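Chemist: My structure is below; once you've seen it, I'll send some questions.
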Amino acid sequence: MAIFSHHREWVYPLKVKGRFSGYHKYSFAVLFAFLAIVPWLRLGGQPLVLADVPARRLYLLGTIFTASDGIFIMLLALTAAFSLFMFTTVFGRLWCGYACPQSVFMINLVFPIEAWIEGDRGKRMKLAKDPWTGGKVGRKLLKWAIYLALAVFISMSFMGFFVRTDVLWTLQAGATTYGIVAFFSFIWFWDFAWYREQVCNYICPYARFQGALTDDESLVISYDTHRGEPRGKAAKATGGCIDCKKCVVVCPQGIDIRDGFQLECIACGRCIDACTDVMDKLGHPTLVRYSTFAKDEGVAARGWARPRTMAYGFLLTALVGGIAYNAWHHTSVELLVDRAPGSLFVEDDDGYVRNTFLVSVTDRDSADGTRTYAVAVDGLPDGSQVQAKPIQLTTGARGVVPLVIRVPAGAAERTMPLTVHLRGVDTDVTWSTTFKGPGERVARQGEED
């Protein structure tokens, strides 16, 4: 298998400066800050973003979502997926080049650290061929130690989106949590130290299904073959490719962009910076740039109004509308009212008909503290009785109390609609249910008596 190939040609990217390399630094700063800072942020005493899988709760921007909000979470996931589809259709693989943790960390952490310890491209290539001396071993061990520390930090920070940071970083989490951290730490270290660009080439499925998401007007990195060919020193005066190969040696994927579009290309733009630097010195525009197949072939652009983008836009609009609707109707308290197992109703000796329900309440208020909720029922005939204890809950807690409703036999219809209210400070949540009774049988017995 290619994943375990022993005929790999190791990639030693050359350092490059330029416009797009600068963008990489900004994207790295944003991604690293998000990973390192966001899990520590709190809003109303609760995590800003936390997916508590064992408790089946999602803390998001001061709101707590539970298993009953599955439709909302599904809409979020679908929105993220179709946003990626839409983004890829328009901008190609810019996600890979500027936002994917794999490429962002590789370009802005792994390669600079390696260059700092082992030297520039030429020195790294020479060191790889040198025999294993004490100096070489020391450099390798230092590099790998830094990679391991980074791998552990990244894995712990990522786990902070699933386990509270005050528990995770004080080593109070369970063995399973730290086992997962150890696993991902190994994966990241293996990636940094050895596998590298092969993750994009062989493991990540994004490049494989990208062809189904893009069209001739999607953004790609393109080489101007009309002006660039034939290559050679003679092209220096005409603005063609002088075959300096700088666009090749700066590529973190180890490809030659002059060979045309390739699935391995992550659209990072480093080859553009390299070509721009060389061609500026020769007084010519760059031969490598962001373009589209349609533009390269001289076809008139349709812009954003294409069938694919319009379809994605329609779906995203519907999904965002669904998210907005669910968010607007989301309450700080989750109320469920179920009929207690057993018979639909019980006829008590004192002439009342009794129904018993179980009222389940989950406090989803993000503010810390204890809140008290009372249960009330609307829609009952005169003389009815309601028995339910108040419920006291803290944030995220769940409580169940029995609700007993007794209705005079003469007023107990076969089915009566009821509304159960859960009331607290600034809270009034309702649940619709029905009261079951003997109905006409009781009425006939009363007439016979």
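Chemist: Here is a check on your reading of the model: is Ala29 in contact with a helix residue (DSSP H, G or I) (Cβ under 9 Å, 6 or more places away or on another chain) and either assigned to a loop (DSSP other than H, G, I, E, B) or surrounded by fewer than 18 Cβ atoms within 10 Å (Cβ to Cβ) (or both)? Let's see the steps before the verdict.
Modeler: Numbers: in contact with a helix residue (DSSP H, G or I) (Cβ under 9 Å, 6 or more places away or on another chain): yes; either assigned to a loop (DSSP other than H, G, I, E, B) or surrounded by fewer than 18 Cβ atoms within 10 Å (Cβ to Cβ) (or both): yes.
When the stated conditions are applied, Ala29 passes them.
Chemist: Can you give me the number of residues within the stretch 61-96 that are closer than 19 Å to Glu264 by Cα and part of a helix (DSSP H, G or I)? Lay out the reasoning, then the answer.
Modeler: Kept after step one, since they are closer than 19 Å to Glu264 by Cα, are these residues of the stretch 61-96: 84-85, 87-96.
Narrowing the set further to residues that are part of a helix (DSSP H, G or I) leaves 84-85, 87-91, 94-96.
Matching residues across the stretch 61-96 total 10.
Chemist: Okay, next question. Of the residues that make up the stretch 14-23, is at least one under 18 Å from Arg364 (Cβ atoms) and either assigned to a loop (DSSP other than H, G, I, E, B) or not assigned by TED's automatic domain parsing to the domain that holds Pro307 (or both)?
Modeler: Pass one, the stretch 14-23, residues under 18 Å from Arg364 (Cβ atoms): none.
Checked against the condition, which is being under 18 Å from Arg364 (Cβ atoms) and either assigned to a loop (DSSP other than H, G, I, E, B) or not assigned by TED's automatic domain parsing to the domain that holds Pro307 (or both), the stretch 14-23 yields no hits at all.
Chemist: Since Tyr147 meets every condition but one in (1) in a helix (DSSP H, G or I); (2) in contact with a Leu (Cβ under 8 Å, 6 or more places away or on another chain), which condition does it not meet?
Modeler: The one condition Tyr147 does not meet is (2).
Chemist: Right, next: Out of the residues in the stretch 317-354 that are of a type in the set (Asp, Glu) and within 20 Å of Thr66 (Cα to Cα), state the one that is farthest from the chain's Cα centre (by Cα). Explain how you work it out, then say what you get.
Modeler: First, the residues of the stretch 317-354 that are of a type in the set (Asp, Glu): 334, 338, 347-350.
So of that shortlist, the ones also within 20 Å of Thr66 (Cα to Cα) come out as 334, 338.
Working: Glu334: 25, Asp338: 34 Å.
Filtering first and then ranking leaves Asp338.
Chemist: Can you tell me how many residues in the stretch 288-324 are under 19 Å from Glu217 (Cα atoms), among the aliphatic types (A, V, I, L, M), in contact with a helix residue (DSSP H, G or I) (Cβ under 9 Å, 6 or more places away or on another chain) and surrounded by 14 or more Cβ atoms within 10 Å (Cβ to Cβ)?
Modeler: The number of residues fulfilling the criteria is 1.
Chemist: Tally the residues that are closer than 16 Å to Ile266 by Cα, in contact (Cβ under 8 Å) with a residue 12 or more places away in the chain and not β-branched (Val, Ile, Thr), restricting the search to the stretch 189-210.
Modeler: The number of residues fulfilling the criteria is 11.
Chemist: Can I ask one more? Just checking, which of Ala294, Ala267 is assigned by TED's automatic domain parsing to the domain that holds Ser222 and touching a Gly at 6+ places or on another chain (Cβ under 8 Å)?
Modeler: Ala267
Chemist: Right, another one. Considering only the stretch 152-238, give the helices (runs of 4 or more DSSP H) lying wholly within it that have at least 3 residues that are of a type in the set (A, V, I, L, M). Spell out how you get there, then give the answer.
Modeler: Numbers: elements: 165-168, 175-190, 206-209, 225-228.
Qualifying helices (runs of 4 or more DSSP H): 175-190.
Chemist: Which pairs turn up if I take residues in the stretch 343-369 that are over 30 Å from Ala411 (Cα atoms) and assigned by TED's automatic domain parsing to the domain that holds Val429 and look for partners that are among the acidic types (Asp, Glu) and crowded, with 17+ Cβ neighbours inside 10 Å with beta carbon separation below 6 Å, at least 6 apart in sequence or on another chain?
Modeler: Listed pairs, sorted by first residue: Thr362/Glu334; Arg364/Glu334.
Chemist: Quick check on Arg398: is it buried (at least 16 other Cβ atoms within 10 Å of the Cβ), touching an Asp or Glu at 6+ places or on another chain (Cβ under 8 Å) and not aromatic (Phe, Trp, Tyr)?
Modeler: Numbers: buried (at least 16 other Cβ atoms within 10 Å of the Cβ): no; touching an Asp or Glu at 6+ places or on another chain (Cβ under 8 Å): yes; not aromatic (Phe, Trp, Tyr): yes.
Answer is no for this residue.
Chemist: For the stretch 168-199, give me the residue count where each residue is aliphatic (A, V, I, L, M) and under 22 Å from the mean Cα position of the chain (by Cα). Steps first, please.
Modeler: Restricting attention to the stretch 168-199, the residues satisfying the condition of being aliphatic (A, V, I, L, M) are 168, 171, 173, 175, 180-182, 187, 193, 199.
Among the residues that remain, those that are also under 22 Å from the mean Cα position of the chain (by Cα) are: 168, 180-182, 187, 199.
Qualifying residue count, the stretch 168-199: 6.
Chemist: Restricting the search to the stretch 32-60, which residues are assigned to a helix (DSSP H, G or I) and not hydrophobic (A, V, I, L, M, F, W, C)? If you could, list the steps in order and put the result at the bottom.
Modeler: Taking the stretch 32-60 first, the residues assigned to a helix (DSSP H, G or I) are 32-40.
Listed by number, the list holds a single entry, Pro39.
Chemist: Note down all Cβ pairs under 8 Å where the first residue falls in the stretch 256-278 and is without any contact (Cβ under 8 Å) to a residue 40 or more places away in the chain, the second is surrounded by 23 or more Cβ atoms within 10 Å (Cβ to Cβ) and not hydrophobic (A, V, I, L, M, F, W, C), and they're at least six residues apart or on different chains.
Modeler: Cβ pairs passing all conditions: Ile257/Tyr223; Arg258/Tyr223; Gly260/Tyr223.
Chemist: Anything in the stretch 259-281 that is surrounded by fewer than 14 Cβ atoms within 10 Å (Cβ to Cβ) and more than 22 Å from Tyr206 (Cα to Cα)? List them, or say none.
Modeler: Result: Asp280, Lys281.
Chemist: A follow-up question, please. Any residue at all in the stretch 77-99 that is of a type in the set (S, T, N, Q), buried (at least 19 other Cβ atoms within 10 Å of the Cβ) and assigned by TED's automatic domain parsing to the domain that holds Gln210? Steps first, please.
Modeler: Taking the stretch 77-99 as the starting set, the residues that turn out to be of a type in the set (S, T, N, Q) are 79, 83, 88-89.
Narrowing further to those that are buried (at least 19 other Cβ atoms within 10 Å of the Cβ): 88-89.
Pick out the ones that are also assigned by TED's automatic domain parsing to the domain that holds Gln210 and you get 88-89.
Yes: the stretch 77-99 contains one or more residues that are of a type in the set (S, T, N, Q), buried (at least 19 other Cβ atoms within 10 Å of the Cβ) and assigned by TED's automatic domain parsing to the domain that holds Gln210.
The values are calculated or read from the model by the stated rules, or taken from the named source; none is laboratory data. As the structure is a computational prediction, the values presented were derived from the model and not from experiment. Heads up, the Cβs are rebuilt from the backbone with ideal geometry, glycines too, and the neighbour counts pull from every protein chain shown.
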